[in-house]
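Take a look at the structure below.
Every number in this text was worked out from the coordinates using simple rules, so none of it is lab data. The structure presented is a predicted model; accordingly, all values stated were derived computationally and were not measured. When we count neighbours, we look across all protein chains shown, and the Cβ atoms used for this are built from the backbone with ideal geometry, even at glycine.
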Amino acid sequence: MLKVFWQEPDAPRDSRIIGSCGGQPQLNVGDHCPACLKCGALMPYFFTVDVSDVLPGKLLSLFYCISCTGNTVPEFPATPVSSPISGAEAQEVQKDYRLHLHSAEPRSADVFSPLIHRPIFGKTPRSNRYQFSKIGGEPTKFWGAEDGNIHKLLLRIRESDDVRLARSSDSPKQSAYKLFDGDPDFIEQEHYILVNGIPVYIFATHDEQAAFLVTGRF
Ligand SMILES: [Zn+2]
């Protein structure tokens, strides 16, 4: 398990760089960013983290729509998380976001990256109990604990992390996001947030060919 620190000031001195926000991914996505299947806009590149602690040699990269995610909620696989989920199903539900589970590869073209480029830090903890962002380890909520269908946790982002990704000054603002009644209005216009700051769990499928995302307050 690896603790993840999104901001340099939060990272302990003995942590190491495990990825970055913005910039360019070591990923061949063709000529341009993937298009959102809900609104058609090109989804900008957000970040890459090294998940080789969980899947040797693998990086996890995220593209996320900033045009329609004020009105959409990421879809979950129809298969319960406690059961094996195929790579094909995981990819099918990726409409307003796109996860790439990949090796470091030469990129084909520059992708649109609206974030201020900065490193993400990680540190191996002494204890396995950790409540904030992490790579690997156990999720807060157990799915399939009884039947042994535990998907490998690639990345967990907790609400308490308050992850805000700094927007470059010339980049478009994210559309306002209000998922549930009672959620605060999205006023943080200088940053992007993922799923209104609701906890995000990204798992590997059982075939380890793809990743899927689950969100919720648990
Ligand atoms: Zn969209």
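Rounded to the nearest 500, what is the 222 nm mean residue ellipticity of the chain from helices alone, with -39500 (n - 2.57) per DSSP H run of 4+ residues and division by all residues?
-500 deg cm²/dmol
Sort 100-106, 68-74 by the packing proxy (mean of other Cβ within 10 Å over each peptide's residues), most packed first.
In decreasing order of mean packing, 100-106, 68-74 become 68-74, 100-106.
Net charge within 14 Å of residue 4 by Cβ-Cβ distance, Lys/Arg positive one each and Asp/Glu negative one each, not counting residue 4 itself?
Combined, the nearby Lys, Arg, Asp and Glu give +1.
Testing the spin-label approximation: label points 7 Å from Cα along Cα→Cβ at residue 127 and residue 160. State their distance in nm.
Rounded to a tenth, the inter-label distance reads 1.1 nm.
Add +1 for every Lys or Arg and -1 for every Asp or Glu among the other residues with Cβ under 15 Å from the Cβ of residue 124, and state the total.
That sum, taken over residues with Cβ under 15 Å, equals +4.
Provide the net charge surrounding residue 75, with neighbours chosen by a C-beta distance below 10 Å and charges set as Lys +1, Arg +1, Asp -1, Glu -1.
Residues close to residue 75 contribute a combined charge of 0.
Output the pairs from 95/141; 3/38; 141/173 with a Cα-Cα distance over 30 Å in this structure; if there are none, say none.
3/38; 141/173
List the trypsin sites (Lys or Arg not before Pro) within region 1-89 that fall in a DSSP loop (any state other than H, G, I, E or B) and whose Cβ has at most 12 other Cβ atoms within 10 Å.
The qualifying sites are 13.
At what distance in angstrom do the alpha carbon centres of region 1-29 and region 148-175 lie from each other?
Taking the Cα centre of region 148-175 as reference, the centre of region 1-29 is 12 Å away.
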